[in-house]
1. Once the piece of chain linking Asn397 and Phe282 is laid out straight, how much longer is it, given 0.36 nm per residue of separation minus the C-alpha distance between them?
2. Taking a cut-off of 16 Å between Cα atoms, list the aspartates and glutamates near Lys429, but don't count ones fewer than 8 places away on the same chain.
3. Can you give the FRET efficiency to the nearest 0.05 for Ala341 and Ser122, using r as the Cβ-Cβ distance and R₀ = 30 Å?
4. With +1 assigned to the C-beta of every Lys and Arg and -1 to the C-beta of every Asp and Glu, and no other charges, what is the dipole magnitude of the chain about the Cα centre in debye, to the nearest 20?
5. If each residue of separation counts as 0.36 nm, what is the full-extension length gain between Asp501 and Lys429 once their alpha-carbon separation is subtracted?
6. Let me know the Rg and Dmax you get for the range 257-372 when you use only its Cα atoms, in Å.
7. Using a 7 Å offset from Cα along Cα-Cβ at Glu164, what residues in the range 1-32 end up with backbone N under 17 Å from the label point?
8. Take Met301, project a point 7 Å from its Cα along the Cβ direction, then tell me which residues of the range 315-343 have their backbone nitrogen under 19 Å from it.
Amino acid sequence: MIDVLIIGSGGAGLTAALSAKDVGASVLVVGKAYPTNSQTSMAQGGMNAALANVEEDSIDAHIADTIKSARGLCDEERVKQMCTSAPDAIAWLESIGVPFSRLDNGKIGTDTVAQRQMGGASAKRACYAQDYTGLKILHTLYDTCLKHHIDFLDEHYLLSLILEEGVAKGATFLDIRTGEVKQINAKSVIVATGGYGGIYHGFTTNMYGASGDGIATVLRAGGAVSDMEFIQFHPTALKNSSILISESARGEGGYLVNTKGERFVDELKPRDVVARAIFEQFAQGQEVFLDVRHLGEEKLMELLPQEVALCKLHENVDPSKELIPIKPVAHYSMGGIDVNALMQVEGIQGCFAVGECANAKVHGANRLGGNSLLEIVTFGKLAGQHAYTYASTTSVNMPDETQKKQDIDYIENLFSKKSTLNFYTQREKLGELFYEKVGIVRDNTKLNQALEAVIAMQEKLVHMGIEDKSPKNNTNLTDFLEFVNVLLLSSTIISAAIARDESRGAHYKEGFEKLDDEKFKNHIVFQWEQTQGAKA
């Protein structure tokens, strides 16, 4: 058996792999796509660390900004741990070759790393590589994994965790290329499969594969999930394509203006505040634009070349000369798999989770811009270390193939089943439903309507299936499996949103506009009971 099985090959999974390998573990990374296709590559703006290279800053200020943004729902000790580790995380990334943008200040090392301001930050703190920060980090992590001879299995879709008496002993996967169901046994498992923004199909900056697979799998296996109602909407996505225009565009001095050319909000307030301000403009019949024309073409091409290219390609707009039409869309899921300080999943022994799929209690009700890349590095390292410590100190017997046989039967049934209802149509309806009724501004009437619609959709699932019956490279099959996971999480998200009768961070509910710490300064946790379903 391998020591550490890592499910997910994005930034969190790759960092965990390097960390586990460094302390002597045998490691296997399994992903449903290729590492360079991970959502990490879409994190453009930067990674927070209080280096104070550009202006006065401190770790205490970083901690304070993070806690303020989280609106009382974070674990302050974990926030301190993350922010205190941030300078070392930048130094480590630099040591393995991440090409951060530089200052011409005559210094060396991390003292030369350029920094910009992100929303909610009290200083220029985000270390960046133009507007390709996540991409550069991801590619460097992958290159480093290859140098350290870490093994990868790509195009393997997670089906189930293998459990015996509440202990994780591996997982089962669908080999997308062959159609074969495979079992991989391991002494410990790290889930690093990303978030669930893909639920907002057509209204998200996320790839459609961001379907919460790991979260749904852990929930079905008896693990706990928490804070699922907190979904961050990024203020600036391109109007027609929902492609992200990084916060760095505002951090470098971009304005938000309405149809009248009026600025209506401080562009560097936290994302929930800015997104609601834009939503209010829409309600008044105004369109909203990002204006970076005053920055000039030379500066735009130096600092934001990707944003310029995306605007030209997807909106036919030249940002140096024209306004960029934008809208807020779903961007980041603060909730996820409930983990303790060791990144171990609550309810499943030997299973760890890290990255956007996990709720490490550092983002709370609203993630501070620039903290997502920081989280995957700082806690990715911890997850790898703790998973190997568990693997090396716990006796784990080889599991049987009961779960594998169940999953083979399930897949075979999908191939033999006749589909009378197109799930792709249902997926689009679900995305529209969530954007309209589980969006930036919520109310209980719409949330209950959404829950009824989701339950009806779940009941219709028996009539849905796949049309493509070929076993090899069947994207129709993986799309359906993702949709099943999305439907499971949808009711959990809405139920948590209904239960939270207050407005806190990214969860803003009409009729309950104020914080209610007495009732709701806590985490709403769901855990699956095999006989009764998910229980709060």
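What follows draws every value from the coordinates through simple rules; no lab data is involved. Predicted model only: the values in this text are computed from it and were never measured. Methodologically, a virtual Cβ is constructed for each residue, glycine included, from the backbone with ideal geometry; neighbour enumeration extends over all protein chains shown.
1. That works out to 35.6 nm of additional length.
2. Glu452, Glu459, Asp479, Glu482
3. E between Ala341 and Ser122, to the nearest 0.05, is 0.65.
4. Roughly 340 debye for the chain.
5. Taking 0.36 nm per residue and subtracting the Cα distance, the gain is 23.3 nm.
6. Over the range 257-372's Cα set, Rg and Dmax evaluate to 18.9, 57 Å.
7. Taking a point 7 Å out along Cα→Cβ of Glu164, the residues of the range 1-32 whose backbone N falls under 17 Å are 1-5.
8. Counting only backbone N, you get 316-323.
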